[in-house]
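Q: Before I ask anything, here is the structure I am working with.
The values are calculated or read from the model by the stated rules, or taken from the named source; none is laboratory data. Just so it is clear, the structure is predicted and the values come from calculations on it, not from any experiment. As a convention, Cβ positions derive from the backbone with ideal geometry for all residues, glycine included, and neighbour counts pool all protein chains shown. Calculation scope for accessible area: heavy atoms of the full protein, side chains included, ligands and nucleic acids excluded. Shrake-Rupley method; radii C 1.70, N 1.55, O 1.52, S 1.80 Å.
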Amino acid sequence: MKIHTLLYILISLIMAYLFQGCKHATKETPLPELTQAEAVMFERPDSALHILETMQKPDASHGEQHALWCLLVTQAQYKQSFTFHSDSLIRIAYEYYRPTDNARRKALSALYMGNVNYELKHITEAMNYFLEAKADMEKTNDYKLGYLVMSSLGNLYVYRDLTDYALETFQEAYDYAVKDSCKRYEISSLKYLGRAYAVKGNYERAIHSYNQAIQIRDSIHETFHSLEGELADVYLTLGEYEKALALEKQGIKNDTTSAQDYYGIGKIFLYLEKYDSAYHYLNKALYTSNVYTLAGVYDALLFLSHQPAYRKYMADFCDSLLFYQDSVYALNKSETIIAYKEKYNHQKLINKNQRLTYQTTRLFLLSIIAMLCLTGVIIYFYLYRKTMIRRKNAELNRLISQVNDNKRLIAQNNTYIAELERRMAENQEAAEQKEELQENLASLQEENQTLHQTNERLQNEIAIHKSTPKTDSNTEELNQLKSHRDQLSTLVLETHPYLTALHQKPVCLNDAERSHICQFTDTIYANFSKRLLTAIPSLSEYEVLFCCLIKLHFSVSEIATLLAISPASVSTSKSRLKKKIYTHLKLSSEKKSFDNWIWKF
């Protein structure tokens, strides 16, 4: 019996070994071209792209080879600053590697999904992909990949009111670069840290980071020429113009001097009141197609034209210079020709009619006056029509901006309504608090109805104007930034582990945790508690904490647990705090719920 058992076990082991061997045998071997392209990707992405484009593209039936080819092509194109119109190519690699156990390829495909979506202005999707790449990257020991993921995530944070997160993320990117012993990545990480510190207003740390990056660059003889220019901007902000000028001049000693460099030097000379040098460099900066640089240059030239020596150029530096320059030149030239022609005809008329009577001369002068009056009327009508068109476009842009703001408020209210309906459906609140939830829900629905009616009225006003306005790009960009900021704040609230833990299992907060809640709210909502205290200085620390918990969307029962009081006490405290704030701010609308006011403050 034992012999049969041993024989059965032995046969089973042999079959399992053979099956495993067959399974490994079916695994695809990467093509030599793919291996070669991946090996040179970080140092020579142009060569990698050439290899990938000249090789025979693997078809979709070769799953892993096809996915790797898509991943490497996207990576090479991104490293060479190609313009992306969709994420269809990298999505093939992302969807292939997502269910696999290859953490490095999963992280790399998620990283470039994020990069491509960021280029396509899909900011929220890009953030999700970056966070996904970060989770997979941490399962590997690839420090180079760690730097790429954290630097991409930091660049998303830094200009979106999330500076603290950006500093933390860039510091991790720098740590990965040091572990990888890659000096180029160390320089880039320090440059990113300098930018984040500058945005935060910590100029001393920004200068230290830039100087450290320059020191490493000089030690390895790399070509990071933008470091001096960015450091010069910091000194320019601090008013240390001589240092800024020295850095800008140091940056233009290479062969890659850009219009932005000339603009920086010209602006510094303008602050130093060296107007001839400023005019020289600002004119050199005009040779660019960059709209932002040109706008800055013309703004500086207009400021320069207030000086007596350049006042004669003031008309040429107005807003419509580029658009009307040729027309004005042609008009001036035509008026000169007409003036000479009129003078010649007038002299000829005098020579031919020397003996004409005074009445004839008088009639001629009256005709000239009539012509001048007619010309004046035409000019006045033209200017009046142009002014009315400008006012009409400005009014249309204002109406459209208001419609967009109302749509954003409606979207926010819909989010709050969904949350309140979820709380009521899940019976999270006691019976005495359900009435308050229904009041908040009714207030939001009433506000949405009012906003819809307002938008209908505004759309009717827009339709009255029969011409299409020129879209204000600054207003449109501001609306997009506000929407992205709201989306990012909501995403942080939904995904942050600390808040999730408190929602799932609320516990009584100690003093340190109460302080952390206020600091956390300030980080997400742009100094919420400080703004609240500025508006209502008489609020106590406990009342500010109470407002922060409402701002973070904690329910009445959760607030009661966190503050170690009863739900009835929470409702009472909320009623007293509402009366105190509404009385101080002299708010006339008592129908608007206190929760809604806090959420939108």
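Q: Considering only residues that are open to solvent by 40 Å² or more (accessible area, probe 1.4 Å) and not in a loop (DSSP other than H, G, I, E, B), which ones fall in the range 125-145?
A: Hits for the range 125-145 are Glu125, Asn128, Leu131, Glu132, Lys134, Ala135, Tyr143, Lys144.
Q: Kindly indicate whether Ser209 is open to solvent by 30 Å² or more (accessible area, probe 1.4 Å) and of a type in the set (S, T, N, Q).
A: no
Q: Ok, one more. Tell me which residues, restricted to the range 106-124, are assigned to a helix (DSSP H, G or I) and surrounded by fewer than 21 Cβ atoms within 10 Å (Cβ to Cβ).
A: Tyr118, Glu119, Ile123, Thr124, listed by residue number.
Q: For the range 550-569, enumerate the residues that are surrounded by 18 or more Cβ atoms within 10 Å (Cβ to Cβ), among the hydroxyl-bearing types (Ser, Thr, Tyr) and either without any contact (Cβ under 8 Å) to a residue 24 or more places away in the chain or not in a helix (DSSP H, G or I) (or both).
A: Ser555
Q: On to the next question. Could you list, in sequence order, all residues of the range 531-549 that are assigned to a helix (DSSP H, G or I) and either among the hydroxyl-bearing types (Ser, Thr, Tyr) or within 21 Å of His503 (Cα to Cα) (or both)?
A: Within the range 531-549, Thr534, Tyr542, Glu543, Val544, Leu545, Phe546, Cys547, Cys548, Leu549 meet the criteria.
Q: Between a first residue in the range 101-123 that is of a type in the set (Lys, Arg) and a second residue that is surrounded by 19 or more Cβ atoms within 10 Å (Cβ to Cβ), which pairs have beta carbons less than 6 Å apart while being 6 or more apart in sequence or on different chains?
A: Arg105/Tyr97; Lys106/Tyr97; Lys106/Asp136
Q: Identify, from the list Leu545, Leu532, the residue that is under 28 Å from Glu421 (Cβ atoms), out of contact with any Phe, Trp or Tyr (no Cβ under 9 Å at 6 or more places or on another chain) and at pLDDT 85 or above.
A: The match here is Leu545.
Q: So, of the residues in the range 248-259 that are open to solvent by 50 Å² or more (accessible area, probe 1.4 Å) and part of a loop (DSSP other than H, G, I, E, B), which turns out to be modelled with the lowest pLDDT?
A: Among those that are open to solvent by 50 Å² or more (accessible area, probe 1.4 Å) and part of a loop (DSSP other than H, G, I, E, B), it is Asp255.
Q: Going through Leu162, Leu148 one at a time, which residue ends up being open to solvent by less than 30 Å² (accessible area, probe 1.4 Å) and at pLDDT below 90?
A: Leu162
Matching residues to (1) closer than 18 Å to Gly229 by Cα; (2) out of contact with any strand residue (DSSP E or B) (no Cβ under 8 Å at 6 or more places or on another chain); (3) at pLDDT 75 or above; (4) small (Gly, Ala, Ser):
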{"residue": "Asp261", "(1), (2), (3), (4)": "yes, yes, yes, no"}
{"residue": "Gly264", "(1), (2), (3), (4)": "yes, yes, yes, yes"}
{"residue": "Asp276", "(1), (2), (3), (4)": "no, yes, yes, no"}
{"residue": "Tyr281", "(1), (2), (3), (4)": "yes, yes, yes, no"}
{"residue": "Lys284", "(1), (2), (3), (4)": "yes, yes, yes, no"}
{"residue": "Leu294", "(1), (2), (3), (4)": "yes, yes, no, no"}
{"residue": "Leu304", "(1), (2), (3), (4)": "no, yes, no, no"}
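Q: Moving to a separate point now. Quick one: count up the residues across the range 570-601 that are more than 23 Å from Leu499 (Cα to Cα) and either touching a Gly at 6+ places or on another chain (Cβ under 6 Å) or assigned to a helix (DSSP H, G or I) (or both).
A: 12
Q: Further question on the same structure: Conditions first: (1) farther than 24 Å from Arg390 by Cβ; (2) modelled with pLDDT of 75 or more; (3) open to solvent by less than 80 Å² (accessible area, probe 1.4 Å). Ile462 passes all but one, so which condition is the exception?
A: Ile462 satisfies every listed condition except (1).
Q: State which residue is farthest from Ala110 (Cα to Cα) when the search covers only the range 33-85 and only residues that are of a type in the set (A, V, I, L, M, F, W, C) and not in a helix (DSSP H, G or I).
A: Met55
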